[in-house]
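The values are calculated or read from the model by the stated rules, or taken from the named source; none is laboratory data. Since the structure is predicted, the reported quantities are computational estimates derived from the model, not experimental observations. FYI the Cβ positions are ideal-geometry reconstructions off the backbone, even for glycines, and counts take in every protein chain you see. Calculation scope for accessible area: heavy atoms of the full protein, side chains included, ligands and nucleic acids excluded. Shrake-Rupley method; radii C 1.70, N 1.55, O 1.52, S 1.80 Å.
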Amino acid sequence: MFNEQRQAQRKLLKVKAVVTVDGSAPAAVKTVDVGANGMCIMSPEPIQVGASAQLRFDLFVDGVMTTIDVRGKASYCILSHGDFKVGFSFLNLNLSGVTQLAKFLK
């Protein structure tokens, strides 16, 4: 049984993103949802739980496309419909990112 670990509400976000796991090449992924503290992505390759990565994705906020670039740590990785559903907790999201995410999540 999966134990819900989210600390905050999530909002659907279906956009292309880039994940660069430390020591690996950047990989194109798709986002599933995002919250103030983290996000879920769909990856063609598994990502080890505990792995650190750079996450880069776009949000449409106040009529403007904004890029969020943040460090994250993989908290789970499960096989789902041929891809891997990976949850990331954000690490040290900058003030601009926090502000843009808060506006998006309203």
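Net length available on complete extension from residue 14 to residue 28 is 3.7 nm, with 0.36 nm assigned per residue and the Cα-Cα distance removed.
Please determine, in degrees from 0 to 90 and to the nearest 10, the orientation of helix 95-105 with respect to the longest principal axis defined by the Cα atoms of the chain, where the helix direction is its Cα long axis. Between the helix axis and the principal axis of the chain, the angle is about 90 degrees.
For region 63-95, backbone nitrogen atoms closer than 20 Å to the point 7 Å from residue 49 Cα along Cα-to-C-beta are found at 72-91.
Here the relative contact order of the chain, from alpha carbon pairs under 8 Å that lie six or more residues apart, stands at 24 percent. In plain terms, the chain from residue 75 to residue 58 could stretch by 4.0 nm, reckoned as 0.36 nm per residue minus the Cα-Cα distance.
Step by step: find N for region 39-98, compute 2.2 N^0.38 Å, then divide the Cα radius of gyration by it. What's the final number?
On the way: Rg = 12.7 Å, N = 60, 2.2 N^0.38 = 10.4 Å.
Scaled against compact globular proteins, the figure is 1.22.
As a rough guide to protection, the peptides 15-27, 65-77 ranked by mean Cβ packing within 10 Å, highest first, stand as 65-77, 15-27. Could you tell me what percent of the accessible area of the chain is made up of carbon and sulfur, with a 1.4 Å probe and every protein chain present? Carbon-and-sulfur percentage of accessible area, whole number: 54.
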